[in-house]
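The values are calculated or read from the model by the stated rules, or taken from the named source; none is laboratory data. Here the structure is a predicted model, which is why all the values come from computation and not from measurement. Neighbour counts run over all protein chains shown; Cβ positions are idealised from the backbone, glycine included.
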Amino acid sequence: MGAGQSANGSAGWDPAEIAAIAVRLKNQPGALMPVLHAVQERLGYIPADAVSIIAHTLNLSRAEVHGVISFYHDFRTEPPGRTIIRVCRAESCQAMGATALAEHIRRRLGLDFGATSLGGEFTLGAVYCLGNCACSPAIMVGDDIYGRVTPNRFDEIIVQLGKK
Amino acid sequence: MDALVYVPRDASAISLGADTVAGAIAAAAARCGRPVKIVRNGSRGMYSHEPMVEAVTPSGRVAYGPVSTADVGALFEADFLNGGAHRLRLGVAENIPWLKSQTRLTFSRVGVIDPASPDDYIAHEGHRGLDRALTMAPDEIVAELTKSELRGRGGAGFPAGIKWKTALDARADQKYIVCNADEGDSGTFSDRMIMEGDPFALIEGMTIAALAVGATRGYIYLRSEYPHARRTLATALAAAHAKGWLGAKISGSRNAFDIELRIGAGAYICGEETAMLESIEGKRGMVRYKPPIPAVEGLFGKPTIVNNVITLATVPVIFDRGAESYAATGTGKSRGTLPFQIAGNAKRPGLVEAPLGITIREIVDGYGGGTASDRPIRAVQVGGPLGAYFPASMLDTLLDYESMAAHGGILGHGGIVVFDDTVNMAQMARYAMEFCAIESCGKCTPCRIGSVRGTEVIDDIIARRRSTENLSLLRDLCDTMKLGSLCQLGGLVPLPVLSGLKYFPDDFGLTAADVEFIGPDLAINTAGAAKSDAIAG
């Protein structure tokens, strides 16, 4: 099948680029995870139309590729916001007020967990442990990690982000 | 000569501002024309004082902490580069009692060396274990590990020597070493600290494992939530290649070994070894049936050693100092040390490496200093999200594999999460089931459906809806999950639930008599269950 390429141009990504990523990585054993990571790193998500390109290149069925994408929490099938904010909701952070912090963040951003703001500014995600349990509660903003986050400190982080 | 300053690159230290502190020190040094070399070390694990900055002086590395950017100017004025007096001065780092009293074997170099420097690694007793292993035959290496009585530090506590022996005895054209770096348990961060603070120890441990069983390829399966560890590992792997420690002829021997870094994608279940193998193979992280065990038929169907980061990073010190020396610490069948991690509501959270057999109280009160909120400790959860909750009255329980099992708990990966008296244990029990529902791979019914029903049933109990019937249902559900689940996700999630019920029945609107069906070891007394069913019927 032709990978539905005609529809892709408008989505702002190039099918040839996806194919090139898959070709570059396909010879390593168990290539699918590295390919999906590379595609998401490039585009921020894995478009539905990329599935058949990846499947074709790796000689897998589309169902196999879709099954892997849908299994892992990290893989997204929609474009995320410009900044991804992940809030740890696991036990250690709960012991230090993460539930109240999560509520504050939801209200501050006007977003539920898993949602992206309409203007594409933020995506809010839950995460179960960032390994920052000695400095709970913890959040991650992009690749930057923050510990001992209070509602006030969160607001400061967001203000600083706006200045960047 | 340049003044030498250490500022941690550890992710938790960075989460408290270590990067900006390093930047401020560099800027202040430039302003006053004082040449300063900043080394980014790992963390010593005393997170109450991170970012902890150390200045190299003739009398040792003098520590200051917790340092914020606002303190940097005053530190220069106090001549901290020469160990000058300042209110943040903690003295020579190695002599700080919190650190000095620990037994650091696995963590001897973490926070001390530059994790990106193979030369620093060599200068601090690195590579000596491998040098010795290179003179030994594979069965001698396995025998030495067996003699150390090292048990898997990921949580299962399986004797590492037996696993290695099984893989050694398996005949195959290809074998693998897989490092489980999918440290997903809340309250644990020791794997992360090793990878960020002493990555060459992990590489060396994996290489010794490869020599032992005749493996030529290794994988480190790292969780995606650890971008800092990823960068440090990538740097260390490249440096190890450049040094000839990995590649076609490791350290000048005739053995080939290479390690590839693979990144997970946010699935807790991939910390289960067979789900991890599926994930490396490019599949959904679904748990496999056992047997066959991975040591016989693992990655791509080949014999595979799967060990946790701490297990593998402990191998070099065992070979350097000898198995007897390692086995001389610890208690009973739990030999050696464990890097305990104090997390949650603790005044002095962090990493404490101590011999197995220390009490919970020594860790959470002695090192942890009680709660950060200055309220009484009400509960501690030992061993991650699948570990039991213990009440304050049980803090004298020993932290070793056998004692934990006798009290219905698990040691897990050595994480201890502290809760003060504001915790609602019914909510924590509910969360345990909810977490299991979110992270279940879905292969077996007890875990997939049981965790969803468990959440609903606990909700009903919390809402006081038909508590007696629902409690009976929850008891049966926990029994089914414990006995019928394919792996320990569904199999152990009854522990936090049943321990919550047993020790904190008030939080569920229940009495101690209501939960008598739970034995002291958290096993369900089914004889009692039959009786109460008969009464209910």
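Check every one of the strands (runs of 3 or more DSSP E) wholly within the range A:106-161 and list those with 3 or more residues that are at pLDDT 95 or above and at the interface with chain B (Cβ under 10 Å from one of its Cβ atoms). Even if it seems obvious, please write down each step before you answer.
On the way: elements: A:122-127, A:139-141, A:144-146.
So the answer is A:122-127, A:144-146.
Suppose the filter is touching a residue at least 12 places away in the same chain (Cβ under 8 Å), under 28 Å from B:CYS487 (Cβ atoms) and in a loop (DSSP other than H, G, I, E, B); does B:VAL296 pass it?
On the way: touching a residue at least 12 places away in the same chain (Cβ under 8 Å): yes; under 28 Å from B:CYS487 (Cβ atoms): yes; in a loop (DSSP other than H, G, I, E, B): yes.
In short, yes.
Go through (1) hydroxyl-bearing (Ser, Thr, Tyr); (2) in a helix (DSSP H, G or I); (3) in contact with a Lys or Arg (Cβ under 6 Å, 6 or more places away or on another chain) for A:SER70 and report which single condition fails.
So the condition that A:SER70 fails would be (3).
Kindly indicate whether B:PRO35 is of a type outside the set (Lys, Arg) and more than 14 Å from chain A (Cβ to nearest Cβ).
So B:PRO35 fits the description; yes.
Can you tell me which residue among B:ILE363, B:ILE358, B:ILE377, B:ILE410 is closer than 27 Å to B:ILE438 by Cα and among the β-branched types (Val, Ile, Thr)?
B:ILE410
Does B:LEU495 meet the test of being at pLDDT 95 or above, more than 32 Å from the chain's Cα centre (by Cα), of a type outside the set (Gly, Ala, Ser) and within 15 Å of B:ALA429 (Cα to Cα)?
Values: at pLDDT 95 or above: yes; more than 32 Å from the chain's Cα centre (by Cα): no; of a type outside the set (Gly, Ala, Ser): yes; within 15 Å of B:ALA429 (Cα to Cα): yes.
For B:LEU495, the condition - at pLDDT 95 or above, more than 32 Å from the chain's Cα centre (by Cα), of a type outside the set (Gly, Ala, Ser) and within 15 Å of B:ALA429 (Cα to Cα) - is not met.
In the range B:86-117, how many residues are over 14 Å from B:GLY65 (Cβ atoms) and not aromatic (Phe, Trp, Tyr)? Steps first, please.
Within the range B:86-117, the first condition is being over 14 Å from B:GLY65 (Cβ atoms), and the residues that meet it are B:94-95, B:97, B:100-110, B:112-117.
Now narrow it down to the ones that are not aromatic (Phe, Trp, Tyr): B:94-95, B:97, B:100-106, B:108-110, B:112-117.
Qualifying residue count for the region: 19.
Just the residues that are among the β-branched types (Val, Ile, Thr) and surrounded by fewer than 18 Cβ atoms within 10 Å (Cβ to Cβ), please, taken from the range B:344-396. Give the steps one after another, and end with the answer.
Initially, the range B:344-396 is screened for residues among the β-branched types (Val, Ile, Thr), giving B:352, B:358-360, B:363-364, B:371, B:377, B:380, B:382.
Hit for the range B:344-396 is B:THR359, nothing else.
If I filter the range B:6-17 down to residues being out of contact with any Asp or Glu (no Cβ under 7 Å at 6 or more places or on another chain) and touching a residue at least 12 places away in the same chain (Cβ under 8 Å), which single residue comes out as nearest to the other protein chains (Cβ to nearest Cβ)?
Start the filter on the range B:6-17 by keeping residues that are out of contact with any Asp or Glu (no Cβ under 7 Å at 6 or more places or on another chain), which leaves B:7, B:14-15, B:17.
Now narrow it down to the ones that are touching a residue at least 12 places away in the same chain (Cβ under 8 Å): B:7, B:14, B:17.
On the way: B:VAL7: 16, B:ILE14: 6, B:GLY17: 9 Å.
Checked the range B:6-17; the qualifying residue nearest to the other protein chains (Cβ to nearest Cβ) is B:ILE14.
Does the range B:477-487 contain at least one residue that is within 30 Å of B:PRO159 (Cα to Cα), touching a residue at least 60 places away in the same chain (Cβ under 8 Å) and not acidic (Asp, Glu)?
yes
Filter the range B:258-278 down to the residues that are closer than 18 Å to B:CYS444 by Cα, outside any loop (DSSP other than H, G, I, E, B) and at the interface with chain A (Cβ under 7 Å from one of its Cβ atoms) and list them by number.
The one that is closer than 18 Å to B:CYS444 by Cα, outside any loop (DSSP other than H, G, I, E, B) and at the interface with chain A (Cβ under 7 Å from one of its Cβ atoms): B:TYR268.
For B:GLY450, work out the one condition from (1) surrounded by 24 or more Cβ atoms within 10 Å (Cβ to Cβ); (2) part of a helix (DSSP H, G or I); (3) within 9 Å of another protein chain (Cβ to nearest Cβ) it doesn't fulfil.
Going through the list (1) surrounded by 24 or more Cβ atoms within 10 Å (Cβ to Cβ); (2) part of a helix (DSSP H, G or I); (3) within 9 Å of another protein chain (Cβ to nearest Cβ), B:GLY450 breaks only (3).
With the requirement that a residue be in contact with a Gly (Cβ under 7 Å, 6 or more places away or on another chain) and either without any contact (Cβ under 8 Å) to a residue 24 or more places away in the chain or among the β-branched types (Val, Ile, Thr) (or both), what does the range B:133-171 give you?
Scanning the range B:133-171 gives B:VAL142, B:THR146, B:PHE158.
For residues in the range B:159-189 being surrounded by fewer than 16 Cβ atoms within 10 Å (Cβ to Cβ) and in a loop (DSSP other than H, G, I, E, B), which is nearest to the other protein chains (Cβ to nearest Cβ)?
Applying the first criterion (surrounded by fewer than 16 Cβ atoms within 10 Å (Cβ to Cβ)) to the range B:159-189 yields B:162, B:169, B:171, B:173-174.
Now restrict to residues that are in a loop (DSSP other than H, G, I, E, B): B:171, B:173-174.
Values: B:ARG171: 21, B:ASP173: 14, B:GLN174: 10 Å.
The residue in question is B:GLN174.
Please list, ordered by first then second residue, the pairs with beta carbon atoms under 9 Å, 6 or more apart or interchain, first in the range A:105-116 and acidic (Asp, Glu), second surrounded by 11 or more Cβ atoms within 10 Å (Cβ to Cβ).
A:ASP112/A:ARG106; A:ASP112/A:LEU124
Do we find a residue being under 21 Å from the mean Cα position of the chain (by Cα), within 9 Å of chain B (Cβ to nearest Cβ) and touching a residue at least 40 places away in the same chain (Cβ under 8 Å) anywhere in the range A:75-87? Let's see the steps before the verdict.
Restricting attention to the range A:75-87, the residues satisfying the condition of being under 21 Å from the mean Cα position of the chain (by Cα) are A:75-87.
Restricting the remaining residues to those that are within 9 Å of chain B (Cβ to nearest Cβ) gives A:75, A:86.
Pick out the ones that are also touching a residue at least 40 places away in the same chain (Cβ under 8 Å) and you get A:86.
Within the range A:75-87 (the criterion being under 21 Å from the mean Cα position of the chain (by Cα), within 9 Å of chain B (Cβ to nearest Cβ) and touching a residue at least 40 places away in the same chain (Cβ under 8 Å)), the answer is yes, since at least one residue qualifies.
Check off (1) within 11 Å of chain A (Cβ to nearest Cβ); (2) surrounded by 24 or more Cβ atoms within 10 Å (Cβ to Cβ); (3) hydrophobic (A, V, I, L, M, F, W, C) for B:ILE305 and give me the number that stays unchecked.
For B:ILE305, the exception is condition (1).
Can we say B:GLY332 is in contact (Cβ under 8 Å) with a residue 24 or more places away in the chain, crowded, with 21+ Cβ neighbours inside 10 Å and of a type outside the set (Phe, Trp, Tyr)? Can you show your working first?
Numbers: in contact (Cβ under 8 Å) with a residue 24 or more places away in the chain: yes; crowded, with 21+ Cβ neighbours inside 10 Å: no; of a type outside the set (Phe, Trp, Tyr): yes.
So B:GLY332 does not fit the description; no.
In the range B:461-473, how many residues are under 16 Å from B:PRO505 (Cβ atoms) and either touching an Asp or Glu at 6+ places or on another chain (Cβ under 9 Å) or buried (at least 17 other Cβ atoms within 10 Å of the Cβ) (or both)?
So the answer is 7.
Quick one: count up the residues across the range B:409-432 that are over 22 Å from B:ARG464 (Cα atoms), aliphatic (A, V, I, L, M) and within 12 Å of chain A (Cβ to nearest Cβ).
Of the residues in the range B:409-432, 3 are over 22 Å from B:ARG464 (Cα atoms), aliphatic (A, V, I, L, M) and within 12 Å of chain A (Cβ to nearest Cβ).
Looking at the range B:215-257 only, could you name the residues that are surrounded by fewer than 17 Cβ atoms within 10 Å (Cβ to Cβ) and of a type in the set (Gly, Ala, Ser)?
Hits for the range B:215-257 are B:ALA234, B:ALA238, B:ALA242, B:GLY244, B:GLY247, B:ALA248, B:GLY252, B:SER253, B:ALA256.
Looking only at the range B:52-97, how many residues end up being more than 30 Å from the chain's Cα centre (by Cα), part of a helix (DSSP H, G or I) and either exposed (fewer than 15 other Cβ atoms within 10 Å of the Cβ) or of a type in the set (Gly, Ala, Ser) (or both)?
Total meeting the criteria: 5.
Which of the following residues is within 14 Å of another protein chain (Cβ to nearest Cβ), under 23 Å from the mean Cα position of the chain (by Cα) and of a type outside the set (Ser, Thr, Tyr): B:ALA295, B:ALA236, B:ALA313, B:ALA229?
Details: B:ALA295 fails: within 14 Å of another protein chain (Cβ to nearest Cβ); B:ALA236 fails: within 14 Å of another protein chain (Cβ to nearest Cβ); B:ALA313 fails: within 14 Å of another protein chain (Cβ to nearest Cβ).
After ruling out the rest, the residue left standing is B:ALA229.
Return only the number of the condition from (1) at positive phi; (2) surrounded by fewer than 24 Cβ atoms within 10 Å (Cβ to Cβ) that A:GLY131 does not satisfy.
Exception for A:GLY131: condition (2).
Table: residues versus (1) outside any helix (DSSP H, G or I); (2) more than 27 Å from A:GLY142 (Cβ to Cβ).
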{"site": "A:TRP13", "(1), (2)": "yes, no"}
{"site": "A:GLU17", "(1), (2)": "no, no"}
{"site": "A:ARG24", "(1), (2)": "no, no"}
{"site": "A:ASN27", "(1), (2)": "yes, yes"}
{"site": "A:GLY30", "(1), (2)": "yes, yes"}
{"site": "A:PRO34", "(1), (2)": "no, no"}
{"site": "A:HIS37", "(1), (2)": "no, no"}
{"site": "A:TYR45", "(1), (2)": "yes, no"}
{"site": "A:ALA55", "(1), (2)": "no, yes"}
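Let me spell it out: the conditions are (1) under 21 Å from A:LEU25 (Cα atoms); (2) outside any loop (DSSP other than H, G, I, E, B), and B:GLY282 meets all of them except one. Which number is the exception?
Evaluating B:GLY282 over (1) under 21 Å from A:LEU25 (Cα atoms); (2) outside any loop (DSSP other than H, G, I, E, B) leaves (2) as the failure.
If you check B:LEU150, B:LEU145, which single one turns out to be over 17 Å from the mean Cα position of the chain (by Cα) and away from chain A (no Cβ under 14 Å)?
Details: B:LEU150 fails: over 17 Å from the mean Cα position of the chain (by Cα).
Only one candidate passes the filter, namely B:LEU145.
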